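The values are calculated or read from the model by the stated rules, or taken from the named source; none is laboratory data. These figures come from a predicted structure and were not determined experimentally. Don't worry about glycine lacking a Cβ; one is built from the backbone with ideal geometry, like all the others, and counts go over all protein chains shown. Note: accessible area is taken over every heavy atom of the protein model, side chains too, but ligands, DNA and RNA are not part of it. Shrake-Rupley method; radii C 1.70, N 1.55, O 1.52, S 1.80 Å.
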Amino acid sequence: MRISARAQRIEPFYVMEMAKSAAAIAREAAHGDRPMIYLNIGEPDFTAPPLVQAAAERAIRDGHTQYTQATGLPLLRERISQWYADRFGLRVPARRIVVTAGASAALQLACLALIEAGDEILMPDPSYPCNRQFVSMAEGRAVLLPSTAAERFQLSADKVRQAWGAHTRGVMLASPSNPTGTSIHPDELARIHAVVSERGGITLIDEIYLGLSYDDTYGHSALALDDQIISINSFSKYFNMTGWRLGWLVVPDALVEVVEQIAQHLFICASTVSQHAALACFEPDSLAEYERRRAEFRARRDWFVPQLGALGLTVPVMPDGAFYAWADCSAACDRMFAGRSEYNSEMQHPGSWEFAFELMKRAHLAVTPGRDFGHAETARCVRFSTANSMAQLHTAIERLKAVLA
């Protein structure tokens, strides 16, 4: 059977491959005294609040299970619009909001609507792997620009200006970012958008972790800049509805009908039950619960990141959002693999890939090695997810201490 060149261009999603390995080791450890601790997947340990679950049950009971418009339930689009007004002081008209089958569908729709074959999209390195694969599926090419800790692992206007070429179509950013949990300073974001706009390009920004911002300096939507920003968001992270597969896309007026037509063909609509359930996300009791959970995520970060640093797993930039710690594991590798004959030469120096597998085997602790997220020194880094209970994080640190002693 002939496989398409498009499919062959898609790189493995190592996060999920690592999860398979973790599951296999977990089965072996299931009956022991050290079950696997999962700090590898970016999924909140919280589930949808009671009002959301009740709304889903009510929708099923009342028969609200048939197709909606491809753009989503009008009332849900209105609720999202009101959330922008209440949370960020922004006027984002409901007509510009398209409800999608998760943020992944939103990114796919944006890429298919805007990217031609051969177009180049500038992205930071490191960045979330699936985002560049969406560009590839649209016949474009993701151009990864190495970003440093001094740049908060984000692009800068100067880098965008220097990298812009004849085939550049625009930029794809993420703020807060996966894997680093860092955001772009609003002033720098405005400069980047100005560079892109001057060249007739597009600014796409992944804001799925925006609700989980912990620093007032950064907790602002790029939609404040102008109505040409294309923003992707989701009910998965802040709203704790990962498996419900529901997100949204905010686009300029001129793009709404185009995205709607593509969505009609690809998806028909997002899950109707999930949409009815999501209406309850914006009830006062639900919003209060989300803010309580956001405070818990912040408390986990505040405890866990210094603990990593004390073990030589340095986090060069304190994450200001999301629930990740992007840690340099070089020193920890040297300690963990000291004296191992297979790593005696410079050609066989262990990196984050070997470190992650060794942690799974020796500590029953699953983390994500850096190779998924790009090429700019990512072999030195691992991503820890703090989307787990404080008790599990304490146990994880104890296990790290034991294997790094």
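For beta carbons closer than 9 Å, sequence separation of 6+ or different chains, a first residue in the range 114-135 that is within 14 Å of Arg9 (Cα to Cα) and a second that is assigned to a helix (DSSP H, G or I) and of a type in the set (Gly, Ala, Ser), the qualifying pairs are Cys130/Ser104; Phe134/Ser104; Phe134/Ala110.
Restricting the range 357-405 to residues that are basic (Lys, Arg) and not in a strand (DSSP E or B), the residue that is nearest to Val15 (Cα to Cα) is Arg371. Here Ile208 fulfils each of the conditions (1) of a type in the set (Val, Ile, Thr); (2) crowded, with 24+ Cβ neighbours inside 10 Å; (3) within 26 Å of His167 (Cβ to Cβ) apart from (3). Check the range 100-108 and report whether any residue there is open to solvent by 10 Å² or more (accessible area, probe 1.4 Å), touching a Ser or Thr at 6+ places or on another chain (Cβ under 7 Å), part of a helix (DSSP H, G or I) and not small (Gly, Ala, Ser). No, the range 100-108 has no match at all.
Against the list (1) in contact with an Asp or Glu (Cβ under 7 Å, 6 or more places away or on another chain); (2) within 25 Å of Gln261 (Cα to Cα), the condition Gln66 fails is (1). Test Ala278 against the criterion of being of a type outside the set (Phe, Trp, Tyr), part of a helix (DSSP H, G or I) and buried (at least 23 other Cβ atoms within 10 Å of the Cβ), and give yes or no. Spelling it out, Ala278 is indeed of a type outside the set (Phe, Trp, Tyr), part of a helix (DSSP H, G or I) and buried (at least 23 other Cβ atoms within 10 Å of the Cβ). Restricting the range 120-167 to residues that are part of a loop (DSSP other than H, G, I, E, B) and small (Gly, Ala, Ser), the residue that is farthest from Gly370 (Cα to Cα) is Ala166. When Thr180 is tested against the conditions (1) touching a residue at least 40 places away in the same chain (Cβ under 8 Å); (2) in contact with a helix residue (DSSP H, G or I) (Cβ under 8 Å, 6 or more places away or on another chain); (3) under 25 Å from Asn240 (Cα atoms); (4) outside any helix (DSSP H, G or I), the lone failure is (2). Looking only at the range 291-333, residues that are open to solvent by less than 10 Å² (accessible area, probe 1.4 Å), of a type in the set (Gly, Ala, Ser) and at negative phi come to 4 in all. Within the range 150-167, how many residues are under 25 Å from Gly321 (Cβ atoms) and surrounded by fewer than 15 Cβ atoms within 10 Å (Cβ to Cβ)? Looking only at that region, the number is 2.
Name every residue in the range 109-149 that is open to solvent by less than 20 Å² (accessible area, probe 1.4 Å) and among the acidic types (Asp, Glu), in order of residue number. Scanning the range 109-149 gives a single hit, Asp125.
Right, Gly170: assigned to a loop (DSSP other than H, G, I, E, B), over 16 Å from the mean Cα position of the chain (by Cα) and touching a residue at least 12 places away in the same chain (Cβ under 8 Å) or not? So Gly170 does not fit the description; no. Scanning the range 58-83 for residues being on the phi > 0 side of the Ramachandran plot and not small (Gly, Ala, Ser) gives a total of 0. Do we find that Arg95 is open to solvent by 40 Å² or more (accessible area, probe 1.4 Å), touching a residue at least 12 places away in the same chain (Cβ under 8 Å) and under 22 Å from Asp253 (Cβ atoms) in this structure? Judged against the criteria, Arg95 is a match.
So how many residues does the range 224-260 have that are in contact (Cβ under 8 Å) with a residue 40 or more places away in the chain and either surrounded by fewer than 22 Cβ atoms within 10 Å (Cβ to Cβ) or part of a loop (DSSP other than H, G, I, E, B) (or both)? Of the residues in the range 224-260, 19 are in contact (Cβ under 8 Å) with a residue 40 or more places away in the chain and either surrounded by fewer than 22 Cβ atoms within 10 Å (Cβ to Cβ) or part of a loop (DSSP other than H, G, I, E, B) (or both).
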